[in-house]
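Inspection log for the structure reproduced underneath, given as structure tokens.
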Amino acid sequence: MGDEGRLHVSAELAGLLERIDAIGGSLDERADAAEELGQLPQDTARALLDTGIVRAELPLSLGGYEFAPRQLIQTAERVSYHDAAAGWTMMALQMVTGTTAAYLAADAAAELFPDVPNGTYALVAGHGTRPGRAVPVEGGYRVTGQWQFASGMAHATHVHSGIQVEDTGEQRVLTMPKSQVTLDGNWDVLGLRATHSVDYHCTDAYVPRAYTYVATTDTPVNGGALYRLGLVNLAAIGHTGWALGVGRRLLDEMKRVAAARRGSRGAAVDTSQFHAEYATAEAKLRAARAWADDVWQDVEHTLDIGELPNTEQDTLIRLALNHTTSTVSEVGHTVHRWAGSAAIRRGPLDRFLRDLGTGAQHITSSPVVLQNCGEWLSGARPDARWSFLDLT
């Protein structure tokens, strides 16, 4: 079992953010080409990986940085500010690779993560919803299934997928080489086009039991307090940071558009209404960021004293993500309305608005999750507890 001590706050954050900023201009310049390709160019992905962005969520015991939750939020926020699709791709690889390293059996993790400080480790992508069928056999399972939205799969070496064990109904998560699955190549969308979030499938693939873990676990085999959050709460970290980075970039792009148009004949950006709406959007974004920080500060304290988040904290993690995403969507609507033609021509504004429209559809920010948060907070179901994104 991993170290159950205090949450690790890494001294590596400032350096990682500096390295991300150093390649930020390149991410921006190559974003259109990435969209045409349907994935990050391999050299772009390598430059991002070389910053240590995935290592940030790998266990300290395996040579990772094991950032604290708010440090991970800042990391996702920073890369997403430069390019939303790059941020989404790295957020997915970071979280899925990190949880694989934390929850797999020690021998399996040692094989996949032999030399993290020198960059020798598996990169894992995939999806846990709509579980595949796992038939128990000697030493493991025979797995058949179809999964969706494998963001970052183009850069992965291994696949993470949800499975349901036949007869027992137990939900587990597997890790297997990417060569064991077939990629469906069906990522044809309006936004987040460069994330290669393809569907994939396999038929009767053998997976050793040691390369699976219980999907609801909050007990890491490797690493410390961070991984007591479990899969869904860890996913919320990256998605919250992604939304905040996109919202900040949209307001900064709107500011540039306004500066270029100010003083021209009939400029809408010279009106008091624009000024008021821009200020309102700024306030909403900053308030969402401050509340998310407050929620996660409280959760960090709980982890630090060796406890698990309670139901209220689990609810607020989900609600803060939902609120952040919906707030950034409102910011996007404001920017779209006032940017005029700049919002419809190819460029950063157009791309970030399309990426936001797609990213905001993620299941973690769905209306049903918001309704479930309201049920618990209002006292309608005080004895219910969270199971993934549902109250049970």
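Annotation: of all residues in the range 364-390 being among the aliphatic types (A, V, I, L, M) and at pLDDT 95 or above, the one that is surrounded by the most Cβ atoms within 10 Å (Cβ to Cβ) is Val369.
Conditions (1) in contact with a Gly (Cβ under 7 Å, 6 or more places away or on another chain); (2) polar (S, T, N, Q); (3) surrounded by fewer than 21 Cβ atoms within 10 Å (Cβ to Cβ); (4) more than 17 Å from Arg337 (Cβ to Cβ), marked per residue:
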site	(1), (2), (3), (4)
Lys255	no, no, yes, no
Arg261	no, no, yes, no
Ser264	no, yes, yes, yes
Glu312	no, no, yes, yes
Ile317	no, no, no, yes
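Of the residues making up the range 252-267, those that are in contact with a helix residue (DSSP H, G or I) (Cβ under 6 Å, 6 or more places away or on another chain) and part of a helix (DSSP H, G or I) are Glu253, Met254, Val257, Ala258, Arg261. Figure legend. Inter-residue proximity from the range 12-40: first residues among the hydroxyl-bearing types (Ser, Thr, Tyr), second residues buried (at least 16 other Cβ atoms within 10 Å of the Cβ), beta-carbon distance below 8 Å, spacing 6+ or different chains. Indicated pairs: Ser26/Thr44; Ser26/Ala47.
Scanning for something closer than 28 Å to Phe274 by Cα and part of a helix (DSSP H, G or I), does the range 372-382 turn up at least one residue? Lay out the reasoning, then the answer.
So in the range 372-382, the residues closer than 28 Å to Phe274 by Cα come out as none.
No, that holds for no residue.
Filtered by the rule that a residue be surrounded by 20 or more Cβ atoms within 10 Å (Cβ to Cβ), on the phi < 0 side of the Ramachandran plot and in contact with a helix residue (DSSP H, G or I) (Cβ under 8 Å, 6 or more places away or on another chain), the range 124-142 gives Val124, Ala125, Gly128, Tyr141. Can you tell me which residues in the range 38-69 are under 12 Å from Gly119 (Cα atoms), assigned to a loop (DSSP other than H, G, I, E, B), under 19 Å from the mean Cα position of the chain (by Cα) and not aliphatic (A, V, I, L, M)? Answer for the range 38-69, where residues must be under 12 Å from Gly119 (Cα atoms), assigned to a loop (DSSP other than H, G, I, E, B), under 19 Å from the mean Cα position of the chain (by Cα) and not aliphatic (A, V, I, L, M): Thr51, Gly52, Gly64. Of all residues in the range 285-314, those being more than 18 Å from Ile73 (Cα to Cα) and in a helix (DSSP H, G or I) number 2.
The values are calculated or read from the model by the stated rules, or taken from the named source; none is laboratory data. It should be emphasised that the depicted structure is a prediction, and the values quoted were computed from it without experimental measurement. Virtual Cβ from ideal backbone geometry, glycine too; neighbours counted across all protein chains shown.
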